[in-house]
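What follows is a short report on a single structure.
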Amino acid sequence: GVDQSASSLPSSSSPPPPLAAVPAAEAMGMAAALMTSKDYPIPKKAWTNQLLIQLLHSSKYIFQIIIVLLWYITNAMNGIVMQSYSYHFDHSITHVLLIWSNASFITCVQLLTGVGMGRLLLYCINRNITWQNITATHSLPLSLVHGFGNLSTNLGYMYGKASIIQVLKLLEPFETLILSFFLFSEVTCSTGVVCSMSIVVGASMSLLQQQSEPIATAAIVYAIISGFTLSSRNVLQRKHGQSDNTMKDFTKLERALIQFTQMSYYSGMEVAMFTLIQYLTLSILPILSDGSTQHADILSTQHVTLELAVYHPLYNVFSMITLGFVSALTHSLWNAAKRVFAVLLAMVWFREGMNATTVLRLTVIGVGAVWYSRESKLAGINKVVHDGSQRTTQAWDTVAAPLLTVIALAAVFLPSN
């Protein structure tokens with residue numbers, strides 16, 4: 001006949017265990033039990049540890065915000081340093097093979113640096129993860145599209161402005177939607193998806209038309225190729241993850257880092273072989289008609305700096321860490337805002353034309369990208385609770401969403417005056 005609920009609390013004759021010696025979750029439970037007990041006095045140390053627990057939780061959120069900011073900054077700086085690097089040689093007299101070999105070398109260094117970063121983080125998180133766990137599976141199509149996608153991105157930076165490439169890369173989610181339809185037969189189109197897609201594409205095109213200088217055709221082509229290859233990577237990665245049972249015992253963060261390290265390793269080795277073939281070709285064939293000065297300058301890699309090697313893997317690592325503590329939907333929303341931040345930082349860094357019209361168009365792109373990310377995740381989910389909510393959803397799809405799209409497109413295509 002003993003009351004278990006009453007006996008769960010410590011008696012007044014026995015002192016409570018020190019809260020500093022128990023885990024945070026247990027300490028919070030003990031503090032809550034003590035505060036709900038009327039007969040037991042709360043020691044001062046309990047209040048101290050409870051305050052410490054609250055500070056630890058606050059510091060966790062501060063840490064997450066810092067990680068997201070570092071993700072944004074390193075992604076933007078990767079494009080900025082690539083654009084700065086492209087100024088060291090003249091595209092008009094440089095053979096296309098020299099550009100390709102140079103971009104391939106940089107891509108190889110970035111990917112292999114990412115392998116080292118990913119392996120170091122995995123060792124710090126879980127020392128039981130071995131190199132055999134990382135290289136247990138290999139999808140050749142996945143590593144090929146990952147390597148070629150990163151190479152195409154760097155080639156786009158070599159020919160065009162970082163802000164322009166980031167604007168064009170806003171089309172990646174839509175390309176993923178198209179590839180998902182053809183590869184997985186997934187129909188995720190809804191009114192919200194179509195309207196948000198129209199807003200982002202329209203606002204992006206208006207931002208491209210605002211450029212005072214003509215955009216290099218090669219930059220547009222490589223940016224679009226990069227978008228399609230990296231979208232293919234995302235689709236293939238999801239397909240590969242569904243059939244891979246070797247990582248079911250790892251956490252979400254560990255799986256993300258293992259996949260990143262694995263793709264970086266195999267893609268880096270493949271790009272390294274491709275780079276070696278190009279350098280051998282360049283050393284044999286006299287492809288320049290104006291002498292060998294620039295040929296030697298490009299092959300010497302004297303302008304390759306540490307920033308070119310580390311920013312690319314760093315923003316991928318921060319993206320993986322962010323994915324480890326947020327949901328996939330939240331990550332996609334932040335990823336959409338990341339592009340707008342990269343465009344804005346590149347414009348400020350290179351002192352490109354910034355006015356009220358530019359800010360308006362960037363804002364519309366950001367809102368449309370976030371809206372698209374949310375709609376694409378929720379397109380196939382029907383969460384109708386009662387008729388009222390269904391009528392509200394239908395009213396949004398048939399009236400409000402198209403009207404908002406028309407207003408947004410009219411705003412971005414208005415004359416700048």
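Every number here is computed from the coordinates shown, using simple stated rules; none is lab data. Please read these numbers as outputs of a predicted model, since none were measured by experiment. Ideal geometry is used to build each Cβ from the backbone, glycine not excepted, and the neighbour counts take in all protein chains shown.
For the pair ILE66 and LEU97, label points projected 7 Å from Cα toward Cβ lie 4.9 nm apart. A Förster radius of 60 Å combined with the Cβ-Cβ distance from HIS88 to LYS248 puts the calculated FRET efficiency at roughly 0.80. For the range 314-370 versus the range 75-138, the inter-centroid distance based on Cα atoms is 21 Å.
In plain terms, the chain from VAL194 to LEU120 could stretch by 22.5 nm, reckoned as 0.36 nm per residue minus the Cα-Cα distance.
Between MET205 and PHE413, what length comes free when the chain is fully extended (0.36 nm per residue of separation minus the Cα-Cα distance, one decimal in nm)?
On the way: separation 208, 0.36 × 208 = 74.88 nm, distance 0.94 nm.
Stretched out fully, the MET205 to PHE413 stretch lengthens by 73.9 nm.
With respect to the cross-link table entries LYS161/LYS338; LYS60/LYS239; LYS169/LYS338, which display a Cα-Cα separation exceeding 22 Å?
Working: LYS161/LYS338 17 Å; LYS60/LYS239 33 Å; LYS169/LYS338 11 Å.
In this structure, LYS60/LYS239 lie more than 22 Å apart at Cα.
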